[in-house]
Amino acid sequence: MEKKDHNLYDKEGNQTKDRPWIFRTYGGHTNARETNKLFRENLSKGQTGLSIAFDLATQCGYSSDHKIAGPEVGKVGVPINTLEDFRILFDQIPIEEMNTSMTINGTSMWLLSLYIALAEEKSVDQAKLQGTTQNDIIKEYLARGTYIFPPEHSIRLIVDMYEYCLKNIPKWNPSNICSYHLQEAGATPAQELAFALATAMAILDAIKERNCFTKEEFEECVGRISFFVNAGIRFIEEMCKMRAFTEMWDEITKTRYGVENPKYRRFRYGVQVNSLGLTEEQPENNAWRILIEALGVTLSKNARCRALQLPAWNEALSLPRPWDQQWSLRLQQVLAYETDLLEYPDLFDGSKVIESKVAELKEQAYTEIKKIEEMGGAIKAIDNGYMKSQLVKSQAERLSRINSGEQIVVGKNKWKEALESPLMEGKDGGIFKINPESVQEAIKNLEKVKKERDSAKAEKALQRLRDDAKNGKNLMDASIECAKAGLSTGEWADALREIFGEYRPSTGVEGQKLALESDKVESVRAKVEKFLKENGSRPKIVVGKPGLDGHSNGAEMIAVSAKHSGFDVIYSGIRLSPQEIVQTAVEENADVIGVSLLSGSHMELAEQIFAELKHYKADIPVIFGGIIPQSDIDSLKKMGVKEVFTPKDYDLMDIMDHIINLCLGDKVAA
Amino acid sequence: MGTAIAEQDLDSLISEAAKGEKYPLARIISEIEKPNSFGFRKTLFTRLNGLGLKERDCRTIGFTGTPGAGKSSLLGEISKRFLKETQEQRMAIVAIDPSSSLSGGSILGDRTRLSIPARESRIYFRSQPSQLELGGVNPYTYHVIRLLRFFFDLVFVETVGIGQNEVEVSRLTDYSFLVLQPLGGDQIQFMKSGIMEVPNAFIINKYDEEKLARASFHMLRSTLEFMKEISASGNLCPIFKTSVLNQTGIDELFRFLQDIPKGREKPAETKEQILKWTKSEFGSFGIRKLNDISLDFNLPFEELEERIQKYVLDNVSHKRE
């Protein structure tokens, strides 16, 4: 039989089709019981893998009953405290058949330990477990903010997991090099390539240093490294980026790590397409954006993703509802099963255009990697603030382009007039809200477990964890023992905090500039000068990022823009309590407090901020920014919030204009 | 808000600040920081005395060094020890951050590296944007320190810089430290600028990479020994080796801080600051004019300021006639 170039053939030479990627929907909310229900519904709709979203408290190593956890329990994901929650979460779900992805980082080892303990209880051989713990701590320091321990200890936990998994759960990906959030934080394609690969190299270097594997085992271990990538709207370039990733990973693993088996050099990756570019304005347009972005990571067979999760069209408005997620899943199914996409070999092999673009991206990325290596590697480039400052810079440039109109975003800075979207007309207003009462269930479960567990056994397990942490033993066994003994997320993390300490990385905003000069900038600056003349000092803004939400891009851009406009800015980074933020504003006698929040807990945190201002008898005006549904804006304003900015307020100078007017107005009134 | 403070409100703000309330204190400081604060200061220091408040037995301490030397983190560690080992005392930190030159705005980042427990009334932290390009002390920093002496037992002034600024901080404070990082090239800079004699003591911070740090220590000591021979006092100043990472040397530094002797007498300090003010206000002409009048440096600063201003201006106009 004559073989044709446009057909795909299997090993025996029969014409075939490529297997579809794994369809995932990122999900989890309220409590384990509700999330279990969601998972079972999604699986019955044809979803083929689980992707668990954990709430911020779980991600940051706090149990649901901790004070800082309060506003966050069940918001952006499911709260998991003890093994009991996992029992409920996976009720009637055959975990031996599941490919389970956990978006978990600082507490990865703990969640994997719970999963192993659950498997044992269900008499499932742990060697059968399949899935991924995200566990990429570097991008947490850079962009997402759910780190707990300092870098060297975090890396140690990751290496512990590689060592344990290779020998006990060979199909588990202990970590996932995650460039997704780098792009969200502003990374250019070349930066995304370079930072992700430099991160992978840091992990492999640390594994090599431990010297716990034979050469064959090490190769296998390299083969377990998988990536989690972002795909933006420039979908041709994004496809080229994926091809560049594939080639560079092959080259790096071969030359730097001497991996001989090509199977272990394959660049394996999952994707969540870009949320950053989704707009609050005319949100229905996001459906097209998501489709185009999905093409970027599926069109090229040689660089096709192994698993795909799509955001929902309304992510810029609030957390998605089950229906919104179903709509995104249907897109994947149409693409994989209705179209002929999977019938062809790689469509772009031999294309001069693509080859040349890939070569350029590779060259830029290698140059950047070299720079990071000269600094002493990715960990050093975190510690000295280099990577963070590069990201803040790129993000500032991107926003400057959108602000100046150089980069068109349909419905946002061009073609803004549009008909009302009927999608927003449902009785829920098109947004999802969790029931605050059902959140209590997580806390009740925790109390019950604590009361009923064998406390001597629990204390013994915790002490072993501390001891092993101190004397450098692999912490997996001790963690699994903790899981079985009924310990909680907070107890596990606290024990390790005692030994490792907590980390505060560089904010990256110092020394940053906006590349933005326009009449608007001048007009804002003129008002700032007026303020200066009237008051003798520059307006002072405290930018705060309260609670556990670590998505700091918004706060960073406000800080940089305010400085650009002539404000004195105090920004102390993420995860501060409302009490700390207000104390700062009070001590500095700030003119305004700007609070950024994306996790949905704005009401609770606003209450705490006003309570604290009252404590100091201080009347400093407060503004809010973030993903805040229209219906909450009025309530916030009633509470006393002066202005609320959402993603549709993308024009930085418009925001600054509002803020300086507020400062000036207050002066006049007083 | 930083709205102007009416005179009748000032007394109550002062009394509240004296009780340890932070917001009233912050508002008073903002008022001092305004460019034409002379009138306010005059009233303020008069009222402070009028309300029977006295300066505490306060030590003011300067912390200067290059950016990245870890001054803020080190002060953070000192704060922790301060809270643990003292009971009634209160400490304040004034951190002067170098500002952006283009638009004039600045990002005051020192707070990032130093966290104070929520609602902690015994520590007060205040940032000031530096009005000079390379960091250094603001014209109003001295007056803020004068105020803080009424309410705090220990006041730190943190500045960035190499060169002249160290001199300024050492004039403002009872005792000043130069904070260096191992082999940052800092000490060479300092030797070149010839101001090695200015600080009372040195801290080699980030003393965690043993080899580097030790080399640094010996280099600094041999320089200082050389200085000792040519200097008048003939004393070798102390060198502290601290590491926040390894938690070494900080307890020792903290104990030393608690025993720091009071610096110059008040009139000497006032005289120095008055000369500085006169120089910046009227240049060498002003300084020459000072020789014509006899001044009692026990008087409040504002009173001297007023007298000099009047005298100098009167003399200028006489000349023109």
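A few notes on this one:
- Averaged over A:586-594, number of beta-carbon atoms from partner chains that fall within 10 Å: 6
- Site pair residue B:284 and residue A:14 shows an inter-label distance of 10.0 nm when each label is modelled 7 Å from Cα along Cα→Cβ.
- Of the listed residues A:577, A:404, B:176, the order by accessible area with a 1.4 Å probe, largest first, is A:404, A:577, B:176.
- Cα gyration tensor shape for the range A:145-184, rounded if a/c is under 1.5, else prolate or oblate: oblate
- Packing rank of A:391-397, B:86-92, where each peptide gets the mean count of other beta carbons within 10 Å, highest leading: A:391-397, B:86-92
- Kirkwood-type radius of the range A:107-176, with distances r between different C-alpha atoms, in Å: 12.6
- Neighbourhood charge, 12 Å Cβ-Cβ cut-off, centred on residue A:54 and excluding it, Lys, Arg +1 and Asp, Glu -1: -2
- Which listed pairs, of A:215/A:470; A:444/A:617; A:520/A:642; A:37/A:638, have C-alpha distances above 31 Å, in listed order: A:444/A:617; A:37/A:638
- Isotropic mean projected area of the C-alpha convex hull, the range A:408-469 (nm²): 10.0
- The order of A:491, B:265 by accessible area, most exposed first and with a 1.4 Å probe, is B:265, A:491.
- Between the alpha-carbon centres of the range A:462-509 and the range A:354-427 there is a gap of 35 Å.
- Here the protein assembly as shown is treated with +1 on each Lys and Arg Cβ and -1 on each Asp and Glu Cβ, and its dipole about the Cα centre works out to around 940 debye.
- For the range A:19-118, the fraction of alpha-carbon pairs in successive 5 Å shells from zero, as %: 3, 14, 25, 27, 18, 9, 4, 1, 0, 0
- Cross-link check: pairs A:263/A:388; A:67/B:22; A:122/A:460; A:380/B:241; B:19/B:279; A:167/A:362 evaluated at a Cα-Cα cut-off of 29 Å; pairs beyond the cut-off: A:263/A:388; B:19/B:279; A:167/A:362.
- The range A:23-77: C-alpha gyration tensor shape, a/c 1.5 cut-off, then a/b vs b/c: prolate
- Summary value for the range B:244-321: 27 percent relative contact order, contacts being C-alpha pairs under 8 angstrom separated by 6+ residues.
- Cross-link partners of residue B:84 among aspartates and glutamates, defined as those whose alpha carbon lies under 20 angstrom from its own and excluding same-chain residues fewer than eight positions apart: A:498, A:502, A:580, B:120, B:153, B:251, B:252, B:259.
- With Cα atoms as the point set, the range A:285-443 shows a radius of gyration and Dmax of 21.1, 59 Å.
- DSSP bridge pairs, the protein assembly as shown: antiparallel proportion in percent, nearest 5: 5
- Annotation: lysines with alpha-carbon distance below 17 angstrom to residue A:648 (same-chain offsets under eight excluded): A:412, A:414, A:416.
- Environment charge of residue B:214, counting only residues whose C-beta is closer than 11 Å and scoring Lys/Arg +1, Asp/Glu -1: +1
- Loop GluC sites (Glu not before Pro), the range A:224-266 (other Cβ atoms within 10 Å of the site Cβ: 14 or fewer; DSSP): A:260
- Geometric descriptor of the range A:394-439, per residue, is 120 Å³ (volume of the convex hull of the Cα atoms).
- Amide H to amide H distances under 5 Å link residue A:136 with A:176, where only residues 5 or more positions off or on other chains count and H is placed in the peptide plane.
- Number of partner chain Cβ atoms within 10 Å, mean per residue of A:534-542: 5
- One decimal place: the segment residue A:209-residue A:424 gains 72.0 nm when fully extended, by the rule 0.36 nm per residue minus the C-alpha distance.
- Residue A:92-residue A:266 pseudo-label distance in nm [points 7 Å out on the Cα-to-Cβ vector]: 3.5
- In whole percents, the pair-distance distribution calculated for the range A:447-559 from its alpha-carbon pairs, binned every 10 Å from zero, is 11, 25, 19, 15, 12, 13, 6.
- The convex hull around the C-alpha trace of the range B:1-88, projected and averaged over every direction, spans 7.8 square nanometres.
- Surface per residue (accessible, 1.4 Å probe) for the range A:214-283, Å²: 36
- Per residue of A:562-572, other chain Cβ atoms within 10 Å of the residue Cβ number 6 on average.
- Relative to one another, the C-alpha centroids of the range A:543-576 and the range B:41-88 are positioned 27 Å apart.
- Between B and A, buried accessible area from a 1.4 angstrom probe totals roughly 3300 Å², ignoring ligands, DNA and RNA.
- Dimensionless Rg ratio for the range A:524-670, taking C-alpha atoms and the 2.2 N^0.38 Å reference: 0.95
- Here is the list for the range B:259-321: trypsin sites (Lys or Arg not before Pro) lying in DSSP coil, each with at most 14 other C-beta atoms within 10 angstrom of its C-beta, are B:262, B:264.
- Measuring how big chain A is from its alpha-carbon positions, Rg and Dmax come out at 24.9, 89 Å.
- Dividing the convex hull volume of the alpha-carbon atoms in the range B:255-303 by its residue count gives 99 Å³ per residue.
- Packing-based ranking of A:14-21, A:25-32 yields A:25-32, A:14-21, ordered from highest to lowest mean Cβ neighbour count within 10 Å.
- Sites listed here are chymotrypsin sites (Phe, Trp or Tyr not before Pro) in the range A:300-397 whose DSSP assignment is loop and whose Cβ has at most 12 other Cβ atoms within 10 Å, and the list is empty.
The values are calculated or read from the model by the stated rules, or taken from the named source; none is laboratory data. Computed from a predicted structure; not experimentally measured. Backbone-built Cβ (ideal geometry, glycine too); neighbour counts: all protein chains shown. Heavy atoms of the whole protein, side chains included, go into the accessibility calculation; ligands, DNA and RNA do not. Shrake-Rupley method; radii C 1.70, N 1.55, O 1.52, S 1.80 Å.
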